[in-house]
Amino acid sequence: MPQKTLAEGSRAGAAASEHGGVASPRRWWILAVVAVAQLMVVLDATIVNIALPSAQTDLGFSDGNRQWIVTAYALAFASLLLLGGRIADLFGRKPAFLVGVVGFAAASALGGAANGFTMLVVARALQGVFGALLAPAALSLLNTTFTDARERARAFSVYGAIAGAGGAVGLLLGGVLTDALDWRWTLYVNVAIAVVAFAGGWILLGNHRDAANAKLDVPGTVLVAAGLFSLVYGFSNAETHHWGSPLTWGFLMAGGLLLAAFAWWQTRAPHPLLPLRILLDRDRAASFLAVLITGAGMFGVFLFLTYYLQLNLGFSPTKTGVAFLPMVGALMVTAQLGTTVLVPRLGPKAVIPLGFAVATAGMAWLTGIGLGSHYLSAVLPQLIVIGVGLGLVMPPAMQLATGGVAAEDAGVASATVNAMQQVGGSIGTALLNTLAASAATDYLSGRDATSKLVRAQATIESYTTAFWWSAGFFVAGAVLAFVLYRRGVPQQEAEAAPVVHM
């Protein structure tokens, strides 16, 4: 009898998993494929930021238009995530994953070849559209591939570490590519990553439509997409307009009303887009909030510390990316420890508030930076402490947010996690930028604004203000996590996972 090919063996394993609940023999290879795809999506949140000054010079767009290179991606990604997750449940995770990978790569290539501002913004929006299909499909594949609770914890430690540290890796890669090649390669690099992810997904993934008998909730899709769009757009406008502008509070109010209408409709829809049973579990709701708050607080580290390292300490883009690597390493170590050792033994009520507390301490310590500070004493130890704290929060929260859901809801639960992270990042962007700008203005009031030293100190005031507010976010996260999480070890961790499908 001829030996089976890799693809045949993988499909056989998938079939066994679907019909008998046997874990896929290729599950660790599937984890690698999912991790590569997730890294591509997470990298894109920061890799382009490093290249923006070069892209602006090359294409000649204004400072006012610059924010739309970032906002176009965030708007499309956040508003379509729940739809992308439900599509994966309805039509199969493998086709959703593969279409997402190909579309993301094509949009990245379009952006890399952009000959003007409009073409680049359209490409970034298309990246967000296909990212909204790819990200929930990738996370739900992870949730439904690993049927053993201990193995699932190990898999989520890897995934969570990538989700938490991918932004820092994006800064490094963006700096290297911009310095060594050209800003366009921060987009072209996605094509190379996508080739690996697509080949692995095509060979290894099986397909099963867990919600094949359900129908798409069109009214719910319109309400939640419009609501999330309005929310992210309103917060984005707060960066360039004041909070009293109708473009800020008007869209924020509209977003709140639309999301309230969406929640009401989900209690009456025959095939709800986001079944409320997903949100009513206490641990899962706490995990969604933890991801939201982490997304808001992490922004203070990446954005303002990037400014400080480059503008005040004179780091190059590449050196700035390297400076974040110790935090990435600390996060990856504690991600493994938190998901595989601490949460299964102590439960999330002890571990996740502890992680927030450690991250708070690191962020507060980081406020000691000054004009004459050195990286090794004023930045490096603090980054490691923050990484340790976030590693105890992000991966366990993601695991608890998606674990234990019915197979037919895995995609939309995964999409909700991504939506929380994206909306949290948007809130953090708007709030921290506004607060930092106000702090700098207040410092300059009554001082000689023409002095270089005074202006430099004003930037330090803006950074430290952002860091203090990020620390405040983490304090709120610690309190909410301690109050909301149940005592003891979660049931889904203590027992074998239910039979699920790939």
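Observations on the model:
- All conditions in (1) free of Cβ contacts under 8 Å to residues at least 60 places away in the same chain; (2) among the hydrophobic types (A, V, I, L, M, F, W, C); (3) in a helix (DSSP H, G or I) hold for residue 449, with the sole exception of (3).
- Residue within region 386-397 that is open to solvent by 30 Å² or more (accessible area, probe 1.4 Å), under 19 Å from residue 301 (Cα atoms), in a helix (DSSP H, G or I) and out of contact with any Cys (no Cβ under 7 Å at 6 or more places or on another chain) present: yes
- Scan of region 201-244 for residues that are modelled with pLDDT under 85 and in contact with a Phe, Trp or Tyr (Cβ under 7 Å, 6 or more places away or on another chain), ordered by number: 201, 204, 205, 209, 220, 224, 233, 234, 237, 243
- Given (1) more than 30 Å from residue 238 (Cβ to Cβ); (2) crowded, with 21+ Cβ neighbours inside 10 Å; (3) at pLDDT below 75; (4) of a type outside the set (A, V, I, L, M), number of the condition residue 94 does not satisfy: (3)
- Filter result (over 18 Å from residue 344 (Cα atoms), open to solvent by 20 Å² or more (accessible area, probe 1.4 Å) and at pLDDT below 90) within region 462-502: 499, 501
- Some residue of region 315-336 being without any contact (Cβ under 8 Å) to a residue 40 or more places away in the chain, surrounded by fewer than 22 Cβ atoms within 10 Å (Cβ to Cβ) and part of a helix (DSSP H, G or I): no
- Any hit, region 294-304, residues being more than 30 Å from residue 460 (Cβ to Cβ) and either charged (D, E, K, R) or open to solvent by less than 10 Å² (accessible area, probe 1.4 Å) (or both): no
- Residue 164 vs. criteria modelled with pLDDT of 75 or more, within 25 Å of residue 398 (Cα to Cα), in a helix (DSSP H, G or I) and open to solvent by less than 10 Å² (accessible area, probe 1.4 Å): no
- Whenever a residue of region 178-192 is part of a helix (DSSP H, G or I) and surrounded by fewer than 19 Cβ atoms within 10 Å (Cβ to Cβ), its partners that are among the small types (Gly, Ala, Ser) and at pLDDT 80 or above, lying with C-beta atoms within less than 7 angstrom and at least six residues away or across chains, give the pairs 188/108; 188/109; 188/112; 191/105; 191/108; 191/109.
The values are calculated or read from the model by the stated rules, or taken from the named source; none is laboratory data. These numbers come from a predicted model, not from an experiment. Note that we place each Cβ from the backbone using ideal geometry, even for glycine, and neighbour counts take in every protein chain shown. The area values use the complete protein model at the heavy-atom level, side chains included, leaving out ligands, DNA and RNA. Shrake-Rupley method; radii C 1.70, N 1.55, O 1.52, S 1.80 Å.
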